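The values are calculated or read from the model by the stated rules, or taken from the named source; none is laboratory data. Values in this document were obtained by computation on a predicted structure and should not be read as measured data. No Cβ is skipped: glycine too gets one built from the backbone with ideal geometry, and neighbour counts run over all protein chains shown. The area values use the complete protein model at the heavy-atom level, side chains included, leaving out ligands, DNA and RNA. Shrake-Rupley method; radii C 1.70, N 1.55, O 1.52, S 1.80 Å.
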Amino acid sequence: MKETPLSNCERDFLLKAIEEKKRLDGRQTYDYRKMKITFGTDYGCCFVDLGKTRVMAQVSCELVVPKESRPNEGIMFFNIELSPMASPAFEQGRQSELSVKLNRQLERCLRNSKCIDTESLCVVSGEKVWQIRVDVHMLNHDGNLMDAASIAAITALCHFRRPDVGIQGDEVTVYSPEERDPIPLSIYHMPISVSFSFFQQGTYLLVDPCEREERVMDGLLMIAMNKHREICSIQSSGGIMLLKEQVMRCSKIASVKVSEITELISKALENDKKARKAGERCGFAESMPQERITALKTYETPVEMTDVSDRANDIVQKAEAPPQMVPSPVVPVPGVGQVGQGLQNTWGLEEGDEEEEEENDSSDEDQEEQVTEMKEKQHEKMEIRGGDVVEISDSEEEEVVILHPEIPDKAPITKSSSHQKGAAALKKRQKK
């Protein structure tokens, strides 16, 4: 399923807002969205919320045969899955161009930067090594997937614990967590990706673009850096030409953002470690006593509800009572009642329109009086003639002519509408 394209009005609105240094969610130009890092019940499971973008990373390991070119090093494998749950534009079971791009960028950011000591993953040289697999699942797509994926992946690797192993001769024993404590990975530094979006050929710059801003941007620059201000990888896409000053400016901004994110990750890991050491529940297990899953709930703004009734009573007492106006019925024709027509209506009208309506109402009343006078005169004429009795009305229904018998003793039996009788009387007068 293709994503819904932006209309020209939305595109122009976004670009105009960026020119005025305004964003849809009220952020400043260099601000990140609100970030939240949580962990699952098992080691190596991490959830990262970057605004409305939500990513889950899961780390697993297994013993495999090493590569022939590097028999003393473990293997790192990364996999990014874009499911239709994150966005309707993603297809199930098919690798899109975006997933390949994100996968390559994540490998450059984490594996090629040598942030993990792969030699410590060797068990038996040339025979057994640990293969670390990082699966990143996109749960919701609202822009800047690369930054959220890199944060989730490195946090999950720092949180992961591999089983301890023992070697006796040619026999390799893998101990369970109950027998021996699991061993954390040896991580040298934490590279984190920071994305910059450019608009109008590099004139305007934004940090952490959302999904709508990514649609209208001209180019994207991703810089992976650690807190020591070492650039691990850099990639530019979109086909725009950037100046040296622009790249240096982005690298300075990225160094500040990376130090803030690294501190947040360290605090989250420390809090989880304290909770597990104290025997407290964490992850999904924290929601089990309430018998509901609230690990992924969104926070709601607290509202004070104590004195709501008192405030409502005060507002009602201070408010002015609405005027009680009852429209009087207008009777244009004897025997007919109309309510609401011919009355003054000031709903959304100006003074000139109200005067015109009053003139129209007065002219309508004059016409109705003339019609009643004509009907009375015609009725008198019919009584003088003493012949046929005809009723006249203004209704526009079917025309039916009523013929009365010439015998005076018998009364007419057929009934008809008033309009039909009026039509018969008019034809008779024309013949006479």
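If we scan segment 198-205, do we find a residue that is more than 30 Å from V124 (Cβ to Cβ), hydroxyl-bearing (S, T, Y), open to solvent by 40 Å² or more (accessible area, probe 1.4 Å) and under 27 Å from the mean Cα position of the chain (by Cα)? Scanning segment 198-205, I find at least one residue that is more than 30 Å from V124 (Cβ to Cβ), hydroxyl-bearing (S, T, Y), open to solvent by 40 Å² or more (accessible area, probe 1.4 Å) and under 27 Å from the mean Cα position of the chain (by Cα), so the answer is yes.
The condition of being surrounded by fewer than 17 Cβ atoms within 10 Å (Cβ to Cβ) and either in contact with a Cys (Cβ under 8 Å, 6 or more places away or on another chain) or under 18 Å from E73 (Cβ atoms) (or both) holds for only one of V172, V134, that being V172.
Counting just the residues of segment 142-161 that are of a type outside the set (A, V, I, L, M, F, W, C) and open to solvent by less than 30 Å² (accessible area, probe 1.4 Å), which one comes out farthest from V123 (Cα to Cα)? Ranking the qualifying residues of segment 142-161, first place goes to G143.
Strands (runs of 3 or more DSSP E) wholly in segment 16-66 with at least 2 residues that are in contact (Cβ under 8 Å) with a residue 60 or more places away in the chain, more than 17 Å from C210 (Cα to Cα) and open to solvent by less than 20 Å² (accessible area, probe 1.4 Å) - which ones? Working first, answer last.
On the way: elements: 35-39, 45-50, 53-64.
Once the strands (runs of 3 or more DSSP E) in segment 16-66 are filtered for at least 2 residues that are in contact (Cβ under 8 Å) with a residue 60 or more places away in the chain, more than 17 Å from C210 (Cα to Cα) and open to solvent by less than 20 Å² (accessible area, probe 1.4 Å), what remains is 45-50, 53-64.
Looking at segment 200-211, can you tell me whether even one residue there is in contact with a strand residue (DSSP E or B) (Cβ under 6 Å, 6 or more places away or on another chain) and free of Cβ contacts under 8 Å to residues at least 60 places away in the same chain? No, every residue in segment 200-211 fails to be in contact with a strand residue (DSSP E or B) (Cβ under 6 Å, 6 or more places away or on another chain) and free of Cβ contacts under 8 Å to residues at least 60 places away in the same chain.
For segment 108-119, a residue qualifies if it is free of Cβ contacts under 8 Å to residues at least 60 places away in the same chain and either crowded, with 21+ Cβ neighbours inside 10 Å or under 26 Å from D170 (Cβ atoms) (or both), and the qualifying residues are T118, E119.
Name every residue in segment 74-101 that is assigned to a loop (DSSP other than H, G, I, E, B), open to solvent by less than 50 Å² (accessible area, probe 1.4 Å) and either at pLDDT 90 or above or among the hydrophobic types (A, V, I, L, M, F, W, C) (or both), in order of residue number. Can you show your working first?
Here is the first cut: in segment 74-101, the ones assigned to a loop (DSSP other than H, G, I, E, B) are 74, 83-96.
The next check asks that each one be open to solvent by less than 50 Å² (accessible area, probe 1.4 Å); those that pass are 74, 83, 86-87, 89-90, 96.
Selection gives G74, A86, A89, F90.
Results for (1) without any contact (Cβ under 8 Å) to a residue 40 or more places away in the chain; (2) within 23 Å of E214 (Cα to Cα), shown as yes or no for each residue.
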| residue | (1), (2) |
| --- | --- |
| Q92 | yes, yes |
| L106 | no, yes |
| L121 | no, no |
| K128 | no, no |
| D142 | no, yes |
| D147 | no, yes |
| A152 | no, yes |
| L157 | no, no |
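Residues of segment 234-271 that are in a helix (DSSP H, G or I), open to solvent by less than 60 Å² (accessible area, probe 1.4 Å) and more than 25 Å from K36 (Cα to Cα): Q246, V247.
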